[in-house]
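Inspection log for the structure reproduced underneath, given as structure tokens.
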């Protein structure tokens with residue numbers, strides 16, 4: 001663990017944080033992978049196996065003439081034909097597998113029938129799965145293609161960075177929603193009574209009282225959050241002015257605030273210290289080689305999904321692109337949110353186990369002095385990030401196949 005700096009922020013993949021009086025709300029990136037085929041069509045859920053994140057989307061399939069024949073068969077057969085089928089992704093098979101709602105596997109003949117009937121939909125699932133597998137790598141490889149541009153206005157950013165999670169309540173809408181819900185639960189006789197003014201006015205009055213109570217409660221929550229957001233905006237505006245003036249303490253608090261909201265492909269720790277209005281030091285706890293995805297996927301002409309391991313050389317080069325891109329990407333982040341900064345001393349390290357103590361030790365693999373003008377002069381779409389290190393007085397010791405050796409970072 002790095003102890004060089006006092007400030008540490010953990011950045012994570014696909015996470016956005018939104019401030020509100022009621023707490024911090026988060027939203028994440030892509031979700032899960034399965035399909036369900038049943039009476040009402042095919043439902044697809046695509047995403048990362050084992051993460052617990054999934055979404056369910058219906059893939060409509062028009063009925064065929066054979067559906068009429070099913071209705072004309074015996075009820076037991078009809079129920080069996082319409083029994084929902086769960087389509088699950090199996091990592092060991094690197095393919096989908098099928099189960100009935102009772103957990104039983106389909107017979108070979110039944111599976112062939114499902115694959116034949118839903119061929120197009122299953123190809124779409126394979127395409128989504130291939131995109132998901134490859135996206136994990138692609139996002140790491142092009143970090144240096146998405147440098148943060150210098151910010152135009154810190155004050156505007158201070159205000160735009162805060163969002164309300166609640167909407168101002170509307171009493172009429174609340175009343176109408178309750179009215180319709182209550183009316184659904186009435187018997188036919190009770191609904192007929194509402195044709196008369198007396199019962200109708202009594203019914204409306206009771207709902208009006210309920211709607212008013214809900215409205216007042218929601219309005220109170222909305223007002224509390226609105227006041228908290230306005231207060232936070234004022235705090236951030238004051239902080240933004242101090243940052244623009246190059247006040248070190250405000251600069252550290254400001255950049256730490258937005259590091260918390262950074263969407264980074266892999267979870268990692270970033271240590272930093274602002275030394276002066278124009279100089280900062282940053283350490284990155286780099287992900288290990290094994291954390292870079294080893295799999296790649298493609299759709300064959302047959303429509304099947306092919307998943308295979310990358311070569312060792314490709315895997316190492318992808319790691320180099322990721323650790324190199326991380327340096328340029330994070331440097332641009334600091335330059336964006338701290339406009340008075342001119343240079344950043346940025347070092348990347350891995351944590352390895354010291355066999356003599358059993359403790360984690362920091363092993364630095366690169367250290368750079370990055371100046372703003374040179375960074376933004378790079379044609380990042382065309383450079384290899386490790387080669388771009390030559391522009392920044394690098395300390396790095398790597399082979400042509402990107403095997404990194406330990407270095408002593410800038411102090």
Problem set entry | Residue ID - farthest from the chain's Cα centre (by Cα), chosen from residues in segment 377-393 that are part of a helix (DSSP H, G or I) and buried (at least 19 other Cβ atoms within 10 Å of the Cβ) | 392
Exercise. Which one of 168, 163, 127, 135 is touching a strand residue (DSSP E or B) at 6+ places or on another chain (Cβ under 7 Å) and modelled with pLDDT of 85 or more?
Worked result: 127
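Here's the yes/no breakdown for (1) assigned to a helix (DSSP H, G or I); (2) within 26 Å of the chain's Cα centre (by Cα); (3) without any contact (Cβ under 8 Å) to a residue 24 or more places away in the chain:
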residue: 92; (1), (2), (3): no, yes, yes
residue: 97; (1), (2), (3): no, no, yes
residue: 114; (1), (2), (3): yes, no, no
residue: 120; (1), (2), (3): yes, no, yes
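Residues checked against (1) outside any helix (DSSP H, G or I); (2) over 30 Å from residue 267 (Cβ atoms):
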residue	(1), (2)
139	no, no
162	yes, no
179	no, yes
202	no, yes
224	no, yes
227	no, yes
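Considering only segment 236-353, give the strands (runs of 3 or more DSSP E) lying wholly within it that have at least 1 residues that are touching a helix residue (DSSP H, G or I) at 6+ places or on another chain (Cβ under 9 Å), touching a residue at least 60 places away in the same chain (Cβ under 8 Å) and under 29 Å from residue 156 (Cα atoms).
Filter on segment 236-353 gives 268-276, 279-285, 343-353.
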Problem set entry | Residue within segment 211-225 that is touching a strand residue (DSSP E or B) at 6+ places or on another chain (Cβ under 8 Å) and surrounded by 14 or more Cβ atoms within 10 Å (Cβ to Cβ) present | yes
Problem set entry | Filtered residues of segment 171-218 (kept if within 34 Å of the chain's Cα centre (by Cα) and without any contact (Cβ under 8 Å) to a residue 40 or more places away in the chain) | 173, 177, 217
Exercise. Which residue out of 158, 250 is under 24 Å from residue 11 (Cβ atoms), modelled with pLDDT under 85, buried (at least 16 other Cβ atoms within 10 Å of the Cβ) and within 30 Å of the chain's Cα centre (by Cα)?
Worked result: 158
Exercise. From 345, 374, which residue is at pLDDT 95 or above, surrounded by 18 or more Cβ atoms within 10 Å (Cβ to Cβ) and farther than 15 Å from residue 143 by Cβ?
Worked result: 345
Exercise. Condition test on residue 407, is it farther than 30 Å from residue 254 by Cβ, in contact with a strand residue (DSSP E or B) (Cβ under 7 Å, 6 or more places away or on another chain) and either buried (at least 20 other Cβ atoms within 10 Å of the Cβ) or outside the structural domain of residue 252 (by TED's automatic domain parsing) (or both)?
Worked result: yes
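The values are calculated or read from the model by the stated rules, or taken from the named source; none is laboratory data. Quick caveat, the model's predicted, so the values are computed rather than measured. For neighbour counting, all protein chains shown are included, and Cβ atoms are generated from backbone atoms with ideal geometry for every residue, glycine included.
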